[in-house]
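Working notes, structure below.
Values quoted throughout were computed directly from the atomic coordinates according to the rules given, and no laboratory measurement underlies them. All values derive from a computational prediction rather than experimental measurement. Here Cβ is always computed from backbone atoms with ideal geometry, including for glycine, and neighbour counts include all displayed protein chains.
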Amino acid sequence: MALFETKSALRESELPKLQTKSGELLIQIRACAVCRTDLHVIDGDLPDPKLALIPGHQIVGHIVERGPNAHRYDVGDRVGIPWLAWTCGSCRYCKSGQENFCDSAQFTGYTRDGGSAEFAVIDERFCVGTPDSCGDAETAPLLCAGMIGSRSLMKTGDAHRLGIFGFGAAAVLITQVAVYEGREIYVFTRSKNNQELARSLGVFWVGNSEHPPMAKVWMRRSCLRHPEQSYRLRCELFVREALSFVAEST
């Protein structure tokens, strides 16, 4: 399925056979999940997408061909393809392990073709090996929402009490991990359906982010009221106010 013009429907199309270059892999796609970012690309909310474009960046498939100098994986291996598709490898960000900040970065399903197709070509440096313990459809969302949630959870260290504001795909996935780890999870979301989903996943507390007291905390945000303080301290103040609201409402 290809996008030929933003703000238009995808069209089923026959495109030329893909060719691999040095360091690239040809992947036969088994599953490709849909992310909200895909819709932003299609709707024209993100500037200058590649056109014609095959969208999709949560891809799972098997390697069917290796290009020259591609040695990291073997033909037949199952791999995942995430949002970040290519970086220069030579700038200060790439050399310091922060390649997601590379000014020349290219992105799957945005500036490079993605996974809404039978095949895709990807730089092997940005493939992710995937164990066979999970099916293709179950693995695909981990390539975006799972990565975002995992990174956020890792940054909390060994904190026992976690607050999650909003309950999209990343929150849903990481909540299950955090509950499994025995953490105390507080969820703020305006959607009643999401509130019920959060409760079903075993969180400690669920509240409406648009409830008047909570909305007041959110709009007032300590981050805005104390600009002279460090970002970490401003965030801590906001969390204290939010948890104070939780205590008063239970």
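For the pair Arg30 and Met1, how long in nm is the line joining their label points, each one 7 Å along Cα→Cβ?
2.1 nm
What does a probe at Leu15 reach in the range 78-93, counting residues whose amide N is under 17 Å from the point 7 Å along Cα→Cβ?
Counting backbone N atoms under 17 Å from the label point, the list is 81-86.
Looking at the range 72-129, what % of the alpha carbon pairs are farther apart than 20 Å?
Value for the range 72-129: 28 percent of Cα pairs lie more than 20 Å apart.
Enumerate the aspartates and glutamates that Lys192 could reach by cross-link, defined here as Cα to Cα under 13 Å, with residues fewer than 8 away along the same chain left out.
By straight Cα distance, Lys192 reaches Glu210.
Under 22 Å between alpha carbons, and skipping anything fewer than 8 positions from Lys7 in its own chain: which lysines qualify?
Lys50
Would you work out if the range 24-140 is rounded, prolate or oblate? Take a ≥ b ≥ c from the square roots of the eigenvalues of the alpha-carbon gyration tensor; rounded if a/c is under 1.5, else prolate when a/b is larger than b/c, oblate otherwise.
Because a/c hits 1.5 or more and a/b fails to exceed b/c, the range 24-140 counts as oblate.
Full-extension gain between Val64 and Val128, please, as 0.36 nm times their residue separation minus the C-alpha to C-alpha distance.
So the extension gain works out to 21.5 nm.
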